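As structure tokens, the structure follows; a few thoughts come after it.
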Amino acid sequence: MAEKKYLVLGASSDVGLELIRRLNERDAGSLFLAHYFSSASKIESIEMKNGNTVKTLRCDLGDGAAVGAFVDEIRQIVDAPTHIVHLASCPFLYTKLKDFDEGRFLRAMQVQVVSFLKIVGAFLPVMLKRRNHNKIVAVLSSVTLGKPPKQLLEYTAVKHALWGAVKSLASDTEGKKLNVNAVSPSMIGTKFLGGIDERIVQMTAEQSPEGRIACVGDVVPALQFLLSSDADYIHGVNLNVSNGGAW
């Protein structure tokens, strides 16, 4: 039986792929349940080492019925993960109130918040029963840390909702030897920015203390830390990974 059982939601993202690569180098005998939506090819191309194994699982987290079936599929493999990492997100868009799209917003809430709560809710009882510091980590955004940038209405609202869910879970599980935390990076240079005007990305970089936006390598170590035993005494934290900037 695998020593650690990671459930990585959004594993096909740039951050998810790098996280699996790094954990694969560090861990031995671990199982990675790698969620994806459109393609598993990059996950499957990772050469597993040290007796680690990976199983790819497809699910549209925006579909409530599919999420239920996804949970059932996981239960056929393990009783519950030991580590849950929530990276899943929707395409990044700049929106003002006049641009508000109810359907798009509700899908983003389903993908990033509702699915997270349903999946965690399904496995939390077993994770708590273990009382050996199982981990739940969600990736938010630095928009949750202070005054958000302009024209990010839908994005900011969803990320704050997810942070509220994380805080509530942390409060409810306090003192039960399970760690629930979040990471809030500033803008990361990934495929997630594919639809954004390059001038906006450059302007954001110029406003950063180091004159650049974050890269995947800036963010993944924070996730590794919160997933490790070194973070057993850390609970309910939203770790700022923005180089001192707000966004």
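Things to note:
- Förster-model FRET efficiency, 25 Å R0, I234 and I46, C-beta, rounded to 0.05: 0.35
- The chain: relative contact order as a whole-number percent, Cα under 8 Å and 6+ apart: 19 percent
- Label zone at D63, where the point sits 7 Å out along the Cα-to-Cβ direction: segment 1-21 residues whose backbone N lies under 17 Å: 10
- Accessible area in the full protein assembly, largest first, 1.4 Å probe, for T144, T56: T56, T144
- Cross-link pairs beyond the 24 Å C-alpha cut-off, checked among K4/K159; K129/K159; K4/K49: K4/K159; K129/K159
- Counting only alpha carbon atoms, the long axis of helix 115-130 and the longest principal axis of the chain meet at about 40°.
- Taken per residue, the accessible surface of the chain reaches 46 Å², heavy atoms only and a 1.4 Å probe.
- q = 0.19, 0.26 Å⁻¹, segment 113-195: log10 I(q)/I(0) [Debye, one scatterer per Cα]: -0.88, -1.29
- Surface share of carbon and sulfur [accessible, 1.4 angstrom probe, percent] for the chain: 53 percent
- Straight-line reach from K167: taking Cα to Cα under 19 Å and skipping same-chain neighbours fewer than 8 places apart, the aspartates and glutamates in range are D232.
- Answer label for Cα extents along the principal axes in Å (calculated), chosen among [x] 49, 39, 36; [y] 69, 43, 41; [z] 58, 40, 36: [x]
- Computed FRET value (nearest 0.05) for K55 with H160, which takes r as the C-beta separation and R₀ as 41 Å: 0.80
- Heavy-atom accessible surface of L178, to the nearest 10 Å², is about 10 Å², with a 1.4 Å probe and all protein chains retained.
The values are calculated or read from the model by the stated rules, or taken from the named source; none is laboratory data. Values in this document were obtained by computation on a predicted structure and should not be read as measured data. Quick reminder, even Gly has a Cβ in these numbers, built from the backbone with ideal geometry, and neighbours come from all protein chains shown. Ligands, DNA and RNA are stripped out before the accessible areas are found, and what is left, the full protein with its side chains, is counted by its heavy atoms. Shrake-Rupley method; radii C 1.70, N 1.55, O 1.52, S 1.80 Å.
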